[in-house]
1. Among the numbered conditions (1) under 18 Å from Thr68 (Cα atoms); (2) in a helix (DSSP H, G or I), tell me where Val134 comes up short.
2. Among the residues that make up the stretch 51-65, is at least one of them at pLDDT 85 or above, assigned to a helix (DSSP H, G or I) and over 21 Å from Ser92 (Cβ atoms)?
3. For Arg104, indicate whether it is surrounded by 13 or more Cβ atoms within 10 Å (Cβ to Cβ), without any contact (Cβ under 8 Å) to a residue 40 or more places away in the chain and over 30 Å from Leu6 (Cα atoms).
4. Here are Pro60, Pro38, Pro13: which of them is in contact with a Pro (Cβ under 8 Å, 6 or more places away or on another chain) and either exposed (fewer than 10 other Cβ atoms within 10 Å of the Cβ) or under 27 Å from Gly129 (Cβ atoms) (or both)?
5. Of all residues in the stretch 1-47, which are at pLDDT 80 or above and within 25 Å of Ala119 (Cα to Cα)?
6. What number goes with the only condition from (1) loosely packed, with under 12 Cβ neighbours inside 10 Å; (2) at pLDDT 90 or above that Arg139 does not pass?
7. Look through Glu85, Glu70 and report the one residue that is surrounded by fewer than 19 Cβ atoms within 10 Å (Cβ to Cβ), touching a Gly at 6+ places or on another chain (Cβ under 7 Å) and either over 21 Å from Ala136 (Cβ atoms) or modelled with pLDDT of 85 or more (or both).
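The values are calculated or read from the model by the stated rules, or taken from the named source; none is laboratory data. These figures come from a predicted structure and were not determined experimentally. Here the Cβ is made from the backbone with ideal geometry for all residues, glycine too, and neighbour counts use every protein chain on show.
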Amino acid sequence: MPHPMLSAFRALPDVRHVLDQVGRTRLVDFSASDGSRPFLVAALARQAEAIASGSADAAPLVVVTATTREAEDLETALGLFLPSERIAVFPSWETLPHERLSPRSDTVGRRLAVLRRLAHPDPGDAAYGPLSVVVAPVRALLQPLTKGLGDLVPVALRAGDERP
């Protein structure tokens, strides 16, 4: 059930206009004030899910932010309106292309996890399930990706597991 504030927000005429565009096009480009962003993104995600329900080609909403901090703040705020396990930040590398430094291993892992969930979501496992929203700083989207990274099978270790 949608959050009551989200329902009221969706009823605003300008918001209705943006939401109506979701059914007509795969790209909705808009700017919103900081305070309204979580409401609008959550409303768009719910609208997209409703349109794609039962469809095999359902795709998550990709939200581009200016900075990593904005992406993380938006992810936190969206957790008030959407299941948090269906929201992910696609982080950018902290290094610049000309630097001789490798990105941090946790950043590489987070990027791979998002790519895996996009390529092969597991509906039976919330941690690896389909995403409704991917929030990415613009730098993350500009950084190169190697084809097939989402196809890499992750190593899962759980308490009690034994490995050779």
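1. Condition not satisfied by Val134: (2).
2. No: the stretch 51-65 contains no residue that is at pLDDT 85 or above, assigned to a helix (DSSP H, G or I) and over 21 Å from Ser92 (Cβ atoms).
3. yes
4. The match here is Pro60.
5. Answer for the stretch 1-47, where residues must be at pLDDT 80 or above and within 25 Å of Ala119 (Cα to Cα): Val41, Ala42, Ala43, Leu44, Ala45, Arg46, Gln47.
6. (1)
7. Going through Glu85, Glu70 in turn, just one is surrounded by fewer than 19 Cβ atoms within 10 Å (Cβ to Cβ), touching a Gly at 6+ places or on another chain (Cβ under 7 Å) and either over 21 Å from Ala136 (Cβ atoms) or modelled with pLDDT of 85 or more (or both): Glu85.
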